[in-house]
Amino acid sequence: MKTSRCCEHCEGPMPLTARRHARFCEPRCRAAAARRRRTVPAELTRRPRWIRHTARKVPLTIGGATASSTDPSTWSRHSEAAASSKGAGLGFVLDGDGVVCLDLDHCLDEHGEPAGWARTILDAAGPTWVEVSRSGDGLHLWGYGTLPHGRRITVGGGGSVELYGTGRYIAVTGRTFGDTPQRLGELQHVIDSLL
């Protein structure tokens, strides 16, 4: 029996023995696709503000102790946090240095397409790194801006956006959304329009 399915990475034909839910023709393509999707911008990885977190989003040090989003002694370099097996994932601490994150809650449908309100924000943001959140149905827009206090905003169309710039950590998946660039763009105009 012939298959008409294609590998999601190389677009070559899937092997006849591939399982029905398989997405890649071989391990090499699966690894290459994961590397491409899971690229955190250097503007974040070079800052020593990384932690681990539990499944319930409790911040942890790389050794497994409780961390704090306001205590730099509990933060680590990206390479150290990524190598740690403590907790359920990585987190990046926002400390007011101009890096901000806009968290678009529950904005992706079952096909990974953004709701209209989220698409409006994505279009306004322009070229900046966007990742799929841990839930799989939200997005994090990372960029530069000034935001002295976190805010939660309800937008038209039933959407909810959380804006953070200091005193918080964001769970980082590294799952790049679409073809957004692996760099941070200017988001102040988006922040101003939402506030």
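Numbers at a glance
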item	result
Test for Glu80: is it among the acidic types (Asp, Glu), part of a helix (DSSP H, G or I) and either in contact with a Pro (Cβ under 6 Å, 6 or more places away or on another chain) or open to solvent by 70 Å² or more (accessible area, probe 1.4 Å) (or both)	yes
Qualifying strands (runs of 3 or more DSSP E) (wholly inside segment 122-195; at least 1 residues being in contact (Cβ under 8 Å) with a residue 12 or more places away in the chain and over 22 Å from Arg46 (Cβ atoms))	130-132, 139-144, 151-155, 159-164
Residue match in segment 154-162 (condition: modelled with pLDDT of 95 or more and open to solvent by 20 Å² or more (accessible area, probe 1.4 Å))	yes
Residue match in segment 34-47 (condition: assigned to a strand (DSSP E or B) and either at pLDDT below 95 or under 27 Å from Gln182 (Cα atoms) (or both))	no
Residue in segment 98-106 that is among the acidic types (Asp, Glu), open to solvent by less than 50 Å² (accessible area, probe 1.4 Å), within 30 Å of Gly64 (Cα to Cα) and not in a loop (DSSP other than H, G, I, E, B) present	yes
Members of segment 163-175 found to be open to solvent by 20 Å² or more (accessible area, probe 1.4 Å) and either more than 16 Å from Val100 (Cβ to Cβ) or in contact with a helix residue (DSSP H, G or I) (Cβ under 7 Å, 6 or more places away or on another chain) (or both), listed by number	Thr173, Arg175
Among (1) open to solvent by less than 60 Å² (accessible area, probe 1.4 Å); (2) modelled with pLDDT of 95 or more; (3) over 8 Å from the mean Cα position of the chain (by Cα) - the single one Leu147 does not satisfy	(2)
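The values are calculated or read from the model by the stated rules, or taken from the named source; none is laboratory data. Everything numeric here is computed off the predicted structure, so don't read it as measured data. As a convention, Cβ positions derive from the backbone with ideal geometry for all residues, glycine included, and neighbour counts pool all protein chains shown. Heads up: the accessible areas ignore ligands, DNA and RNA and are worked out on the full protein's heavy atoms, side chains in. Shrake-Rupley method; radii C 1.70, N 1.55, O 1.52, S 1.80 Å.
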